């Protein structure tokens, strides 16, 4: 399990629109059609990464708490499924069903969107305001597999709470840590 930190791209960076397939419904979802006028979270994740598996339960609860408050969430899997078949679209459907995700989990087969966003690891979080300007790029919380820290999502929750209250999140942000994206 190679530890990779997320790249802290510049706050204020504008989100790039995309349209990707959601294997669960076999339909395309675009950022422009799924964004919130308050806060939109784009999350790069995959099925097999121990860092993602470590947070999935709490991530699902987080989504169920915050989507009704106005947060839009889009998860994206950009891993190379030829060399990492556990990240296949079929397994994406299984994972989404297992954790009862209430957000689309999209497949970036060409890896173009991960590159556009500067995603480097799974999980990698990008939180945008209603104008799709980046306001947070950092960790879910301090918990990692094996460090005995409770998974709470406190860092991301604080950032989302700020945006939902029309405030800017604290600009001092810790990078996410996870497995490196599996590039082709």
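Checking residue 17 against (1) touching a helix residue (DSSP H, G or I) at 6+ places or on another chain (Cβ under 7 Å); (2) surrounded by fewer than 19 Cβ atoms within 10 Å (Cβ to Cβ); (3) within 22 Å of residue 182 (Cβ to Cβ), only one condition comes out false. Which one?
(3)
Considering (1) within 15 Å of the chain's Cα centre (by Cα); (2) farther than 23 Å from residue 83 by Cβ, say which one residue 54 fails and leave the rest.
Only one criterion in (1) within 15 Å of the chain's Cα centre (by Cα); (2) farther than 23 Å from residue 83 by Cβ is unmet by residue 54, namely (2).
In region 94-124, what residues are in contact with a helix residue (DSSP H, G or I) (Cβ under 6 Å, 6 or more places away or on another chain) and buried (at least 23 other Cβ atoms within 10 Å of the Cβ)?
Matches in region 94-124: 105, 122, 123.
Tell me whether region 78-93 contains one or more residues that are more than 26 Å from residue 146 (Cβ to Cβ) and touching a helix residue (DSSP H, G or I) at 6+ places or on another chain (Cβ under 6 Å).
yes
Which of (1) more than 16 Å from residue 40 (Cβ to Cβ); (2) assigned to a helix (DSSP H, G or I); (3) free of Cβ contacts under 8 Å to residues at least 12 places away in the same chain is the odd one out, the single condition residue 146 does not satisfy?
For residue 146, the exception is condition (2).
Just to verify a result, which residue in region 166-175, among those that are farther than 12 Å from residue 135 by Cβ and out of contact with any helix residue (DSSP H, G or I) (no Cβ under 7 Å at 6 or more places or on another chain), is surrounded by the most Cβ atoms within 10 Å (Cβ to Cβ)?
Here the answer is 175.
Bear in mind that the values in this text are calculations on the coordinates, not laboratory data. Remember, predicted model here, so these are calculated numbers, not experimental data. Note that we place each Cβ from the backbone using ideal geometry, even for glycine, and neighbour counts take in every protein chain shown.
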